[in-house]
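Everything on this sheet refers to the single structure shown next.
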Amino acid sequence: GDVYKRQALVAAGIFMAVGGPSFVSASAAKRQLPIYSVEREEKVCAISFDAAWGNEDTQALIDILGKYNVKATFFVVGDWVDKYPESVKALHDAGHEVMNHSLHHDHYNALTADQVVADVTACNEKIAAITGVTPCLIRCPYGEYDDHVISATRSMGMEPIQWDVDSLDWKDLSASDIAMRIVSRTREGSIILCHNNGKHTAEALPIVPVSYTHLTLPTT
């Protein structure tokens with residue numbers, strides 16, 4: 001129906017334009033910054049999921065996203081890839097982007113630049129072995145970074161991705177609270193942070209497209 005058609009706009013490939021002119025440039029800033037959101041005039045956003053530990057709801061997320069024709073980006077830890085290779089393949093086969101979330105979810109600020117590069121490379125290789133695609137995006141563990149971390153990842157041709165909308169699904173908020181947090185904070189070009197094992201994330205997702213459509217997308 002119309003809701004599904006409008007929701008397809010939300011699934012527009014923001015992440016596919018990495019390095020393009022639509023991304024907010026941090027190069028002019030004194031501090032090296034990752035990408036928090038994207039400059040877009042269209043009413044589109046990007047939904048992302050971090051996968052580091054559990055795996056109970058991954059297939060449910062794939063099914064729900066498929067129902068609404070939404071493609072998301074999953075940032076996965078190398079250890080998670082080792083534990084759940086079938087889920088990595090299922091995500092890729094469903095058309096979602098499988099990107100880098102580090103090898104072991106270590107604190108990158110405490111690593112040397114060479115250690116960061118080695119860690120990112122190892123995770124990339126694990127993902128590529130299953131999907132056939134080498135990741136070009138990374139979300140730093142814990143969302144932590146400093147200048148040397150950002151410089152190290154960009155030296156590899158990787159783009160570090162943060163978020164400007166935090167669902168707080170890891171705090172075990174109710175499904176309605178998660179959905180309303182997302183809907184109330186999302187704007188054009190937002191990057192939304194969720195987790196694949198949030199207690200109520202899968203339950204919240206179907207609320208988001210309906211609410212988001214009615215609140216912020218054109219009705220004609």
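The values are calculated or read from the model by the stated rules, or taken from the named source; none is laboratory data. The shown structure was predicted, so the numbers you read here are calculated from the model rather than taken from an experiment. Quick note on the areas: whole protein, heavy atoms, side chains included, nothing else; ligands and nucleic acids left out. Shrake-Rupley method; radii C 1.70, N 1.55, O 1.52, S 1.80 Å.
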Q | Accessible surface of Lys83 - all protein chains present, 1.4 Å probe, nearest 10 Å² | A | 140
Q.
More than 15 angstrom separation, counting every C-alpha pair in the range 51-154; what % is that?
A. 59
